[in-house]
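Values in this text are rule-based calculations from the coordinates and carry no lab data. What you are looking at is a predicted structure, and each value in this text was computed from that prediction instead of being measured. As a convention, Cβ positions derive from the backbone with ideal geometry for all residues, glycine included, and neighbour counts pool all protein chains shown.
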Amino acid sequence: MKINTLKNIVLSTLFIAVFNISFASETKDGGDDKKFDPKDMIMHHVQDAHGFHLWDWNGHAVSLSLPIILWTDNGLTTFMSSAFHHDDSGKEVVERNGAKFVKLHGKIYQLNEGANTVAFDDKHHATNASKPIDISITRNVFMMWVSVFVLFLVFITAARSYKKSENNVPTGIASFIEPLVVFVRDDIGIPMIGEKRYKRYMPYLLTVFFFIWINNIFGLIPILNGANLSGNIAFTFTLALFTFIITTFSGNKNYWQHIFWMPGVPVPMKIFLMPIEIIGIFTKPISLMIRLFANITAGHIIILALMSLIFIFKSIGIAPVSVAFSLFITVIEIVVTAIQAYIFTILSALYFGMATEEAHH
């Protein structure tokens, strides 16, 4: 049983690594006549986008279009991302609601009145266009909704299995979920927060753990073409902000006393420690934000960089080396998906525990 499981993991990992080669070989415009630029390709895949480029078929791109929602001087403007026909160079002009739009380097620009094409300066920046307020459904937003739907489906199914069970014995998906919930409770919640106070924080800790983990897993699926939510700094910032807010409002008298007037130390040291502790209030969530973002993004960049070696050297001889190292990094990435969810959750629980800890006499 263990051998078969290990075999399936290795085969799945090898598939993920090899399948990434097809994406590493793509350029932004999908053409083969353009000189391969590894930096351009890597940044294209790790950044957010307005649609999914799934694969190429007979010279045509197969994609999933997403709605573009813009707020301009003319009001709300909506259309599908397919209107740009996969153009990212600003050549395709889309006219909607009395305004003209172009897509340049993954961003939507509105042409100035009277302009029919976008003009560039020496640094290839648009000179006759401006950015409207973009509230589009990007692929990261789309995958966030998908992950929420999957989590609802998984936990509702698990809850129903307990209702059907006479002895509360987990079956099906519940047999997989229960050990993880118990792990978060017994190895994160209780040790970090305390047995008296951990229950009020468990809904948040469980949500963060499973939400980050499932999105990290989605980020490893090649066909999603870089839809990596945890590699988006806005996503990690929002999660860290929630942890910061909960920590701040959970702080008791002892917590704030240790920040503004450290007990048990001389007065000059109290004055010296106070600004350091105040800075620490903000550096803790910032470290949460950067740690998750940097670790997930770095893994994807390394894999794509290793695959790029095949096309940089233009030699089939380098392919086994690139695939082997990419396979190794992909295995690590699979482990990191759970580790980063664990680290974010345990540090959040640690901050909650520090905020609610009673004074020791």
**Message:** For a 29 Å ceiling on Cα separation, which of these pairs sit above it: K199/K253; K107/K284; K39/K131; K100/K314; K39/K103?
**Reply:** K107/K284; K100/K314
**Request:** Between the alpha-carbon centers of the range 115-132 and the range 269-298, tell me the distance in whole angstrom.
**Result:** 39
**Message:** Over 5 Å intervals from 0, what percent of Cα-Cα pairs in the range 132-286 sits in each interval?
**Reply:** 1, 7, 12, 14, 15, 15, 12, 9, 7, 4, 3, 1, 0
**Asked** Looking at the chain, what % of the alpha carbon pairs are farther apart than 32 Å?
**Response** 47
**Request:** Would you compute, from DSSP H runs of 4+ residues alone, the mean residue ellipticity of the chain at 222 nm, taking -39500 (n - 2.57) per run and dividing by the full residue count, rounded to the nearest 500?
**Result:** -19000 deg cm²/dmol
**Item:** Share antiparallel - DSSP beta bridges, the range 67-136, percent rounded to 5
**Value:** 100
**Fill in**
Exposure proxy check on F249, F155: fewest-to-most Cβ neighbours within 10 Å is F249, F155
**Cα-derived Rg over Rh, computed across the range 246-334 with Rh taken as Kirkwood radius** = 1.38
**Request:** About the Cα centre of the range 140-356, how large is the charge dipole given +1 on each Lys and Arg Cβ and -1 on each Asp and Glu Cβ? Please answer in debye to the nearest 20.
**Result:** 400
**Highest to lowest packing among 341-352, 66-77, 188-199, scored as the average C-beta count within 10 Å** = 341-352, 188-199, 66-77
**Message:** Which one, M202, F242, I135, is farthest towards the positive end of the dipole of the chain when Lys and Arg carry +1 and Asp and Glu -1 on their Cβ?
**Reply:** M202
**Added length on full extension, which subtracts the Cα-Cα distance from 0.36 nm per residue, V169 to L350** = 62.0 nm
**Request:** Using only Cα positions of the range 122-205, each an equal point scatterer, no hydration layer, compute I(q)/I(0) via Debye at q = 0.17, 0.18, 0.24 Å⁻¹ and quote the log10 values to two decimals.
**Result:** -0.89, -0.95, -1.12
